[in-house]
1. Please say if the stretch 545-638 is rounded, prolate or oblate, where rounded means a/c under 1.5 for a ≥ b ≥ c the square roots of the C-alpha gyration tensor eigenvalues, and otherwise the choice is prolate for a/b larger than b/c and oblate otherwise?
2. Taking the Cβ of each residue in Thr268, Thr545 as the centre, tally the other Cβ atoms inside 10 Å and list the residues starting with the fewest.
3. What is the dipole size for the stretch 43-169, taken about its Cα centre, with +1 at each Lys and Arg Cβ and -1 at each Asp and Glu Cβ, in debye to the nearest 20?
4. For the stretch 459-470, take each phi angle, set θ = phi - 60°, evaluate the Karplus expression 6.51 cos²θ - 1.76 cosθ + 1.60, and give the result in whole Hz per residue in order, putting x for glycine and proline.
5. Can you classify the stretch 381-535 as rounded, prolate or oblate using the Cα gyration tensor, where a ≥ b ≥ c are the square roots of its eigenvalues, rounded means a/c under 1.5, and otherwise it's prolate if a/b beats b/c and oblate if not?
6. Among the lysines, select those whose C-alpha is under 22 Å from the C-alpha of Lys536, and discard any that sit fewer than 8 residues away in the same chain.
7. Through the Karplus equation 6.51 cos²θ - 1.76 cosθ + 1.60, θ set to phi - 60°, convert the phi angles of the stretch 556-567 into ³J(HN,Hα) values in whole Hz; use x for Gly and Pro.
8. Rounded to whole Hz and in sequence order, give me ³J(HN,Hα) for the stretch 250-263 from the Karplus expression 6.51 cos²θ - 1.76 cosθ + 1.60, θ = phi - 60°, writing x for Gly and Pro.
Amino acid sequence: MRLHSLRARIALVFVVLMLLAQAAAYIVINSVILKNAHENAEEQLSVAERVFGQVLRSNSQQLTQAASVAASDFGFREAVATHDSKTVASALQNHGDRIHADAVMLVDLDGKLIADTDGAAHEGMAFPFPHLIRTVAQKGDASSFGMIGGKAYQLVAVPVKAPIVIAWVVMGFAIDDVLAREMSSLTSLDVSFLTVDERDRWDVVASSLPEASRVRLKDQAQLADDGYATRMVRLHSEGRTVAVLLDRSLKEALAPFRRLQSALLLITMLGVIVSIVGSVLTARSVTRPLAALAQFSRRVGHGDYSGPIEIRHQDEIGELASAFNQMQEGIVERESRITELAYMDRLTGLPNRALFNDRLQHAIVAASGSRRPLSVMMMDLDRFKLVNDTLGHPIGDLLLCEVAGRLRAALHRPTDTVARLGGDEFAVLLPEGDLAAARVVAARMLRALEEPITIEGQLVDVGASIGIVIYPEHGTDMNVLLRRADIAMYAAKRANLGHALYDARHDHNSAERLSLMGELRQAVEHDQLTLYYQPKVDLATHRVTHVEALVRWDHPTRGFVSPDQFIPFAEQTGYIKTITRWVADKALAQCAAWRAEGIELAVSVNVSARELILSSLPEMFQGLLEKHGVAPDRLWIEITESAIMDDPNHAIETLDRLHALGIRLSIDDFGTGYSSLSYLKRMPVDELKIDKSFVMGMTHHKDDETIVRSTIDLGHNMGLKVVAEGVENEAMMQRLNALGCDLAQGFHLSRPLPPAKLAQWLIEQSAQADAFAEPSLPA
Ligand code: C2E
Ligand code: CA
Ligand code: CA
């Protein structure tokens, strides 16, 4: 037990207080006992003194009576008068014996002894106590003490009258040990008779004390020191002073109190022991729960929240313990809330980016250990922005929650993770998934999203693009994997593929991409690009009034490079701006050239989504139209439906400005972008181009034909021309014609052709058109 500990201090304070209290009680009680004992002794002495006086007085009376009887005896008086010493002596002896007197004497008027029974003094001697006789003569009676021949006596004197005083009878009791013992038994004190001589020396005449103690009596002070209470009574005496010493042994007097005292001491000691034990126990009972609380708070401090502290006290400590428990609960709650906030996406309840990255990191470590592949998928919703803008953020949020739920349901293994990284971007981790597994899961997720989603009565249609990467094939570092999954996702989106596996060709940062970029620049600068033109044929008249300009790249070493390969790449790098400008410049120049040759053709130019948000686009076209002196209505701009729907508000703004310039607008790949009719109505477009996938599927799939037919109807309702692209055979031509489609474009009519070949084709085509027209003409 450390001395400065609370427990030690509590115990110490208690013990000291108890000791002080016990000691004070002991001292007070003890002093009262001692005082009582002394008072008792004094009281006994006083009583003894009175008793002693009484005894001496009665002795004196007894002596006086016996002496008087002798003195008044007729025969005796006669014997005295006649000096019959023999008779006197025997009479004296008789009277003395009756009361057992120790001394009987006859003294004549001259103060000389006439007779003495004891023989201590001798006839003719002077009586040693003349004062006694004088006092009796004056007062009638008296007693005195005195020494005769080394012995002490109590003496009385009585006159012998015949009828005048003729002599004195003196009678006395010896002061001896017998008397002392008698007195002692009466008073229950020790009684001693002392004499003091001329030189003030004390001598013991008689005593009730044992012989050994008598010696000490010679020095009275020493006796007091030895623990006796004493009282000295000087007796009326002649000659040597006689005194009686009454003494009471304090030791004896205290004896009954001593038992009380030792009982008190015992009780005090017990009290001290009990208080020490009690205070130690109390201190421990106070400090033990404190130690437990301290231990508990250290545990909580280390983040161990395994259960509450068990202190069932009803007092302040119990209160403190329950406050500690509440504190722990509060901490646990807040900590889990913090963890939740840190690792959960608040809207959907899915893990967030931080948690996803964490799990991916761990999965990479585990996979590198087990040498097994893992897969990561990045998913982005198509048309989410559209939903948000048209239906509002609350619906957008509900949509995200619904999507989250479906994605979660699409994962069957508990170890798989789907997270929301932000916005409409989701990520999936399959820690034990190879490519085959990833493709299965991706397909399942896409199917899950194909099911119609109804939110607050509104049918919302979303699709998704998923990019897949496999560890370690596509990277061993988390950031590389995530970046490449993102690239794969964009590739999937562009190609409208649903899901796509990462391919180095997707990555514009790769060496090949870099060199391709340089080569593309060179191609533009060195005129390696050319424009081909594909005609749009009027289904009713078979005449050609429009052509679409399609870029071609005849690479010196690679050969022919499809626009599908380099246009997306140019879009990513921003180089598309240069290409569009080059295409528009070339197309308008061609348009002007044809016109000069007498061929009236409007020319369509494709514009990418990226460019639509460039505010400088209308000015660029305006400048080129002026440069080549081409009327604005000769220029058509084709924009894919999905490009418009990525950011409809922005797109409409640009389209309005292009429209204001007199340029015609066409929505390309219609049917793939899920346009909202409300947007479509607000757009200043002139033409819809049904996507070739529907047109080509039309003859085999009923659904595709339905889409084609409804698109034609929709376009017509809105006053637009409808073009079908991808027309590959006559049957399609017939069908489209029957459905009322306005224009057709496709390999069946013509592949994209260089200008010279197109001119030739046009001549053949116009002949056909004429032939086609003829039968309907009247002869
Ligand atoms: P697009 O705008 O949908 O162009 C039509 C594509 O369909 C052309 O492919 C054309 O050759 C092809 N096509 C025409 N008729 C048929 C047919 O009957 N059957 C089949 N299977 N295909 C047919 P191309 O020229 O390879 O161009 C591919 C895409 O590249 C274009 O699709 C367009 O999005 C883009 N593109 C081409 N040139 C340019 C350009 O100058 N600028 C921009 N921004 N994009 C361009
Ligand atoms: Ca086009
Ligand atoms: Ca198209």
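Values quoted throughout were computed directly from the atomic coordinates according to the rules given, and no laboratory measurement underlies them. From a predicted model like this one, the values you see are computed outputs, not experimental measurements. Please note: Cβ atoms are built from the backbone with ideal geometry, for glycine as well, and neighbour counts cover all protein chains shown.
1. Working: a/c = 2.26, a/b = 1.33, b/c = 1.70.
In terms of gyration-tensor shape, oblate.
2. Least to most surrounded, the residues fall as Thr545, Thr268.
3. Numbers: 10 positive and 13 negative charges, 52 e Å.
That gives a dipole near 260 debye.
4. Values, residue by residue: 7, 10, 10, 10, x, 8, 10, 10, x, 10, 10, 10 Hz.
5. oblate
6. Leaving aside lysines fewer than 8 places away in the same chain, those within reach of Lys536 are Lys586, Lys689, Lys692, Lys721, Lys757.
7. Coupling constants for the stretch 556-567: x, 10, 7, x, 6, 10, 5, x, 4, 8, 9, 5 Hz.
8. Each residue's phi maps through the Karplus curve to give 5, 4, 5, 4, 7, 3, x, 6, 4, 4, 4, 4, 6, 4 Hz.
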